[in-house]
Amino acid sequence: MRRRKFSIVFGEVVRQHRGALDLSQEALAEKAGVHANHVGLVERGERSPSIDIAQRIAAALGLSLSALVTEVEKRWEKPRSR
């Protein structure tokens, strides 16, 4: 069993919450004060956000940073089989 990269799981959680709020990447980016391309890179796990950007993304999703990271950690701790 192999553990996925934390940044990939972080992006999946952000994408899920964004979808639940029916927000486009552009709308989330605007609320968070970042570029839409940056949101896409984070969601795909291609870029790890700084702590400040992660907090702004969490707030734009209506979450605290700790709640967002806790959810990511719970999913990340479950190894996936290949």
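Read-outs throughout are calculated quantities, based only on the coordinates presented, and are distinct from any laboratory measurement. All values reported here derive from a predicted model rather than from experimental measurement. A quick note on method: Cβ atoms are made from the backbone with ideal geometry, for glycine too, and the neighbour counts reach across all protein chains shown.
For region 6-76, with only Lys/Arg (+1) and Asp/Glu (-1) charged at the beta-carbon, what is the dipole magnitude about the Cα centre, in debye rounded to 20? The dipole of region 6-76 has a size of about 80 debye.
Helical content alone sets the calculated 222 nm signal of the chain at -19500 deg cm²/dmol, taking -39,500 (n - 2.57) per DSSP H segment of four or more residues and averaging over every residue.
Restricting the GluC sites (Glu not before Pro) of the chain to loop positions (DSSP other than H, G, I, E, B) with no more than 16 neighbouring Cβ atoms within 10 Å leaves 46, 77.
Against the empirical curve 2.2 N^0.38 Å, the C-alpha radius of gyration of the chain lands at a ratio of 1.04. Cross-link partners of residue 74 among aspartates and glutamates, defined as those whose alpha carbon lies under 19 angstrom from its own and excluding same-chain residues fewer than eight positions apart: 12, 43.
With contacts taken as Cα pairs under 8 Å at a separation of at least 6 residues, the chain carries a relative contact order of 46 percent. Largest mean-square fluctuation among 16, 55, 25, in a Gaussian network model of the chain whose springs join Cα atoms under 10 Å apart, belongs to 16. Most mobile of 19, 45, 11 per a Gaussian network model of the chain (Cα springs, under 10 Å)? Highest fluctuation of the listed residues: 19.
Any chance you could give the angle, 0 to 90 degrees and rounded to 10, that helix 51-60 forms with the longest Cα principal axis of the chain? Long axis of 51-60 versus the principal axis of the chain: about 70 degrees.
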